[in-house]
1. Expected output is a single nm value to one decimal: the length gained when fully extending between residue 1 and residue 109, i.e. 0.36 nm times separation in residues minus the C-alpha distance. What is it?
2. Mark the label point 7 Å from the Cα of residue 120 along Cα→Cβ and return the residues of the range 8-38 whose backbone N is within less than 18 Å of it.
3. Evaluate the range 1-49: find the radius of gyration of its Cα atoms, find its Kirkwood radius, and give the ratio Rg to Rh.
4. Leaving out ligands, DNA and RNA but keeping every protein chain, what accessible area does residue 95 have, in Å² rounded to the nearest 10, with a 1.4 Å probe?
5. For residue 49 and residue 87, calculate 0.36 nm times their separation in residues minus their Cα-Cα distance, and state this gained length in nm to one decimal.
6. Please name whichever of 110, 14, 91 sits farthest to the positive end of the charge dipole of the chain, dipole taken about the Cα centre and charges placed at Cβ: Lys and Arg +1, Asp and Glu -1.
7. Report the calculated FRET efficiency for residue 128 and residue 71 (r = Cβ-Cβ distance, R0 = 22 Å), to the nearest 0.05.
8. Using the Kirkwood radius over C-alpha pairs as Rh, can you work out the diffusion coefficient of the range 55-130 via Stokes-Einstein at 25 °C, viscosity 0.890 mPa s, in µm² per second?
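The values are calculated or read from the model by the stated rules, or taken from the named source; none is laboratory data. The structure presented is a predicted model; accordingly, all values stated were derived computationally and were not measured. Cβ sites come from the backbone with ideal geometry, for glycine too, and all protein chains shown count toward neighbours. The protein model used for the area step is the full one, side chains on, heavy atoms only, and it has no ligands, DNA or RNA in it. Shrake-Rupley method; radii C 1.70, N 1.55, O 1.52, S 1.80 Å.
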Amino acid sequence: MKKTVITFGTFDVFHVGHLNLLERAAKLGESLIVGVSTDALNISKKGRHPIYPEGERVRLIQALRCVDEVFLEHSLEQKLEYIREYRADILVMGDDWGGRFDWLMPWCEVIYLPRTPSISTTEVIERIRT
Ligand code: C2G
């Protein structure tokens, strides 16, 4: 059976850690769907405006060869609705979210992939600033 993989993220100031995560997620199935956090969701999660607005972040993710479809993620609590809507078989998240989405296991496989060490959007912003 062909498997659909779904993952979520802000993907602000896109970097190689994001790319590694998306490429590894894509390899777990035949198609990869990505929920990109809205600006409003990012503000509620991280307390700051993303550098790149949601429309631009969506376009960057959409342009990647490993990604099949992109939509805007409006709320962390709507994961089950998105999984059902896109008929996802596997939810992939970075291991910074380890355990947080285990409650979805009755509906899909939940896989946490190790983060790429030593790179993050926050660290890139800090490096540019100083
Ligand atoms: N990531 C990674 N390695 C890094 C940095 C990020 O593997 N060095 C992964 C994260 O674990 C996440 C994805 O890249 O799976 C996107 O990262 P963020 O944009 O920081 O995602 P976040 O804002 O945590 O949003 O519904 C869940 C959220 O929308 C996740």
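1. So the extension gain works out to 37.5 nm.
2. Answer for the range 8-38: 8-22, 37.
3. 1.06
4. 80
5. Net length gain for the segment: 10.6 nm.
6. Going by the Cα projections, it comes out as 14.
7. 0.15
8. 167
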